[in-house]
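The values are calculated or read from the model by the stated rules, or taken from the named source; none is laboratory data. Note that the structure is a prediction, hence the values are computed from the model and not measured. Here the Cβ positions follow ideal geometry from the backbone for every residue, glycine too, while neighbour counts run over all protein chains shown. When the accessible area is computed, the model is the full protein with side chains, heavy atoms only, and any ligands, DNA or RNA have been set aside. Shrake-Rupley method; radii C 1.70, N 1.55, O 1.52, S 1.80 Å.
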Amino acid sequence: MSMNSGSSSNIVVPDFSTMSETQLDSWKKKNSLQSMMVVTITKSSDTVPKGKVISQDPPPNTKRSRDELRKVTLTISSGKGIFSPKDDDVLELTSPDGSSVRYYKKDSSSSSSSSSSSSGSSSSSSYSSGKSVPDEYARAFRRANDYVTINHMSKRKVYEQLTSEVEKFSPAAAQYAVDHLVNDFNLVALAKAKEYRQFSNMSDAELREQLYSDYGEMFTYSEAAYAVDHLR
């Protein structure tokens, strides 16, 4: 029997990064996997060029059942790490419509009057809002914005990613980042819905459930409903 025959437990996983859209559609039809999701996640890499695949889950050349192939995740390189020293001078949140809000770090000399109140026991940055922002919070804040604007993640999904073993931010830093996002999450959900629609033939009901369910994208029901209702 051919290894690619579509047996429920013997489907060989190809290297999806080398496949064209036509080849992918053909492979899904051959293996009765028309509803399979291909999800992309962007991650910085010092070794893999921008736009190239860092990893694939499940890995190529392994065998999986149809149930295990409901979703394939490709991690794409965004280039070298985004956190250079000069990045600490500004925090910027960008909405899907292109609008943005910036928080600029104050010159330490301009806030000397308040420096005496700091114990010096923790690293923090003072921004134009007048608040002291711990460096970890600032990094989580920027990372959260990347996940929303590049990967179109919901707030709950962002929090889950920030506190995962991959990012390892503290729950407090992750919550701060999520609480300060200014994005219109109706539009974020719509962008994610368009990704799914591009790679699958899900019905509106199936897509809505994928967007708001705990095993899916974790948007609110109203955000998911907005996305499906406004798909073109």
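Quick notes on this one:
- Each of Val182, Tyr159, Ala172 was placed along the dipole of the range 157-232 (beta-carbon charges, centred on the mean Cα), and the one lying farthest toward the positive end is Val182.
- For the cross-link pairs Lys155/Lys194; Lys43/Lys71; Lys30/Lys71; Lys50/Lys157; Lys52/Lys168; Lys157/Lys192, the ones whose C-alpha atoms lie over 21 Å apart are Lys50/Lys157; Lys52/Lys168.
- Average projection area in nm² (convex hull over Cα atoms of the range 150-232, one quarter of hull surface): 5.6
- Close amide H contacts of Val38 (hydrogens built in the peptide plane, cut-off under 5 Å, sequence separation of 5 or more or a different chain): Val72.
- Cβ-Cβ FRET estimate between Val166 and Met19, R0 fixed at 30 Å, reported to 0.05: 0.75
- Ligands, DNA and RNA left out, the accessible area of the range 184-224 computed with a 1.4 Å probe is 48% carbon and sulfur.
- Whole-number accessible area per residue in Å² for the range 165-204, which is evaluated in the context of all protein chains at 1.4 Å: 48
- The packing ranking, built from the mean of other Cβ atoms within 10 Å per residue, places the peptides 18-25, 189-196, 178-185 in the order 189-196, 178-185, 18-25, highest first.
- Each residue of the range 210-226 was assigned a 3J(HN,Hα) from its phi angle through the Karplus curve 6.51 cos²θ - 1.76 cosθ + 1.60 (θ = phi - 60°); the sequence is 4, 6, 9, 6, 5, 8, x, 9, 6, 6, 6, 4, 5, 5, 5, 5, 4 Hz, with glycine and proline shown as x.
- Integer Hz, Karplus 6.51/-1.76/1.60 couplings in order for the range 164-173, x for Gly and Pro: 6, 5, 6, 8, 6, 6, 6, x, 5, 5
- The length gained on full extension between Asp135 and Thr47, counted as 0.36 nm times the residue separation minus their Cα-Cα distance, comes to 29.1 nm.
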